[in-house]
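Asker: Attaching a single structure in structure tokens format; questions to follow.
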Amino acid sequence: MSNRRKFIQHTVLGSAAIIGSSSLSAKLKSGATGQKPLVVSTWDFGKAANAAAWEILSKKGSSLDAVEAGVKVAEADENNQSVGYGGLPDRDGRVTLDACIMDAQYRCGSVMCLEYIKHPISVARMVMEKTPHVVLVGDGALEFALANGFTKTNLLTEKSKKDWQEWLKTSNYKPGINIENKLYKSDSLPGGKDNHDTIGMICIDANGDLAGACTTSGLAYKMHGRVGDSPIIGAGLYVDNEIGAATSTGLGEEVIRIVGSHLVVELMRQGLNPQNACKEAVSRILKRSPQKAKEIQVGFLAINKKGESGAFALQPGFSYAVRSEKENTVLPSKSHF
Ligand code: ASP
């Protein structure tokens, strides 16, 4: 049997075991019911991003154009210290950005540890469309961006610089829970808090085609060069146009270990609705380390081909924004704890 087939069999059997053992019988309802077009994105700040995506979706534009335009709103917002321009830096004071994008034909592009570029999602899209590769990192990603018309911007705002300098006084490194919303809502970050941050957006357009985008400045005050789940296809984002799409937020290291977003999509393939698929993925993290799970946040968000959405997180406090013909709202995700 080929390695690939063994892997698929193993994955499917593993998932089936978990589904069997956990209560598939717990019949949680999915979020929205069957709407197209539909766009959903992580955290409260997803609402403004959804509005930009909706501009495109409501005019029968493509899901790919919609997710790029949508997350660019969060990337450009300097008051959002969790994504793009104004994002909190690494421990050396460098703002390094991660982003990926995926369309309905399994085409995907990603940039990791990219500095000085305000819209990493657009560079990721260009990697997808203009190169034979999927991922470009660091200097290579920057060179590629500059060669393709992007310009250099200092991404470290005065506010983020001040917060980083405050953090340096203790250099206490512990990812905070739900810090994305706190960073967005409050105008000052208490020194000594370390953070993780992301917008993940997934959508289905009027044609029924899916796409997704995920972009982040990653864990604040991370080691230079650290990359989380967000720009990793399968971990922070996955799109399968036959089944659905998923994205994640929270402590990326834990999401990478279970290839979270791909797992959520595969669980939907087995018949789970989006919320239950997210719940099963969360329970896999929980099962691996029940103790650690108490101290961290991970949230998944998913949509299926029918236009249903759902989310699930480890901790309360994860929210997601939904935009469709009928809805324009931010919903609290259900959570394990
Ligand atoms: N998942 C992101 C990372 O680990 C951060 C987050 O979503 O909070 O880089």
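Asker: Hand me the list of strands (runs of 3 or more DSSP E) wholly inside region 77-156 holding 2 or more residues that are β-branched (V, I, T) and closer than 21 Å to T198 by Cα.
Answerer: 135-137
Asker: Any residue that is in a helix (DSSP H, G or I) and modelled with pLDDT under 90 - is there at least one of those in region 185-194?
Answerer: For region 185-194, residues in a helix (DSSP H, G or I) and modelled with pLDDT under 90: present.
Asker: Condition first: within 16 Å of the chain's Cα centre (by Cα) and of a type in the set (S, T, Y). Can you find one or more residues in region 296-317 that meet it?
Answerer: yes
Asker: What number of residues within region 218-250 are within 12 Å of the ligand (Cβ to nearest atom), part of a loop (DSSP other than H, G, I, E, B) and within 11 Å of the chain's Cα centre (by Cα)?
Answerer: The qualifying residues number 8.
Asker: I've got another one for you. Name every residue in region 219-267 that is farther than 19 Å from G310 by Cβ and of a type in the set (S, T, Y), in order of residue number.
Answerer: Within region 219-267, Y221, S230 qualify.
Asker: Here's something else I'd like to know. So K292 passes all but one of these: (1) within 15 Å of the ligand (Cβ to nearest atom); (2) assigned to a loop (DSSP other than H, G, I, E, B); (3) surrounded by fewer than 24 Cβ atoms within 10 Å (Cβ to Cβ). Which condition number does it fail?
Answerer: All conditions pass for K292, except number (2).
Asker: Another question, then. Do you know which residues across region 263-279 are surrounded by fewer than 24 Cβ atoms within 10 Å (Cβ to Cβ) and closer than 10 Å to F300 by Cα?
Answerer: Selection gives Q275 alone.
Asker: I want to confirm something. Restricting to region 251-262 and keeping residues that are crowded, with 24+ Cβ neighbours inside 10 Å and either hydrophobic (A, V, I, L, M, F, W, C) or closer than 16 Å to M102 by Cβ (or both), which single residue is nearest to the ligand (Cβ to nearest atom)?
Answerer: Once the filter is applied, the top-ranked residue is V255.
Asker: Okay, next question. From (1) among the small types (G, A, S); (2) closer than 19 Å to R323 by Cα; (3) touching a Phe, Trp or Tyr at 6+ places or on another chain (Cβ under 7 Å), pick out the condition that doesn't hold for A206.
Answerer: (3)
Asker: So, of the residues in region 215-250 that are touching a residue at least 60 places away in the same chain (Cβ under 8 Å) and of a type in the set (D, E, K, R), which turns out to be surrounded by the most Cβ atoms within 10 Å (Cβ to Cβ)?
Answerer: K222
Asker: Hey, any hits in region 130-139 for a residue that's within 16 Å of the ligand (Cβ to nearest atom) and surrounded by 21 or more Cβ atoms within 10 Å (Cβ to Cβ)?
Answerer: No, because not a single residue in region 130-139 is within 16 Å of the ligand (Cβ to nearest atom) and surrounded by 21 or more Cβ atoms within 10 Å (Cβ to Cβ).
The values are calculated or read from the model by the stated rules, or taken from the named source; none is laboratory data. As the structure is a computational prediction, the values presented were derived from the model and not from experiment. Cβ sites come from the backbone with ideal geometry, for glycine too, and all protein chains shown count toward neighbours.
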